[in-house]
Amino acid sequence: SSALMTINQAFFQVVSMATTAGFTTDSIARWPLFLPVLLLCSAFIGGCAGSTGGRLKGIRVLLLFKQGNRELKRLVHPNAVYSIKLGNRALRERILEAVWGFLSAYALVFIVSMLAIIATGVDDFSAFASVVATLNNLGPGLGVV
């Protein structure tokens with residue numbers, strides 16, 4: 001059926017972007033605009049710790065989330081000591097500093113790259129899509145990419 005084929009195509013696109021394979025079975029440019037943008041935004045998080053995709057990686061996003069949760073707890077109990085744990089092991093603060101350092105460098109490179117592409121006359125959306133595709137090692141892009 002048509003609905004089953006649509007779900008199949010969408011699932012394939014998500015897996016292809018998550019694994020940085022870059023294969024497509026359908027032009028995602030023909031989809032409603034929010035779906036390709038959602039795929040591109042999800043490309044920031046995908047990837048495992050050992051993958052070659054240039055993304056934030058799931059483990060880094062998890063650590064950022066845990067640190068955010070810890071900071072919210074500190075607002076309520078400012079004198080409490082909270083450690084961030086993965087499994088049963090508490091992480092050193094240096095690891096969290098490294099994650100924040102990577103996120104800062106990633107954001108800086110992203111912004112500078114996007115501004116440089118916009119300066120060449122490319123529209124904002126195509127600049128965004130091309131930087132996402134390049135930094136995250138994705139195959140497909142959107143716009144003029």
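If you wrap a convex hull around the C-alpha atoms of the chain and split its volume per residue, what is the figure in Å³? Walk me through the numbers before you get to the answer.
Working: hull volume 22.5 nm³, N = 145.
So the per-residue Cα hull volume is 155 Å³.
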For the chain, calculated [θ]222 nm from helices alone, where every DSSP H run of n ≥ 4 adds -39500 (n - 2.57): -19500 deg cm²/dmol
Counting only other residues whose beta carbon sits under 9 Å from that of LEU91, what net charge do I get with K and R as +1, D and E as -1? +4
Are there any helices in the chain, counted as whole DSSP H runs, that stretch 27 Å or more along their axis by Cα and score at least 0.5 on average by Kyte-Doolittle, and if so which? 93-119
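Rank-order 11-19, 114-122, 55-63, 127-135 by packing density, defined as the average count of other C-beta atoms within 10 Å over each peptide's residues, highest first.
Output ranking for 11-19, 114-122, 55-63, 127-135: 127-135, 55-63, 11-19, 114-122.
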Rounded to the nearest Å, the spacing of the alpha-carbon centers of the range 54-83 and the range 1-33 is 33 Å
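So, R0 is 30 Å and r is the distance between the beta-carbons of ASN69 and VAL112; what FRET efficiency does that work out to, to 0.05?
Working: r = 31 Å, r/R0 = 1.02.
Efficiency computed from Cβ-Cβ geometry: 0.45.
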In the range 1-42, if every C-alpha pair distance is counted and binned at 10 Å from zero, what percent goes to each bin? 29, 61, 11
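Computed from the coordinates by the stated procedures, all read-outs in this text should not be read as laboratory data. Small disclaimer: the values here were computed from a predicted structure and weren't measured. With ideal geometry, Cβ positions are generated from the backbone for all residues, glycine too; neighbour counts draw on all protein chains shown.
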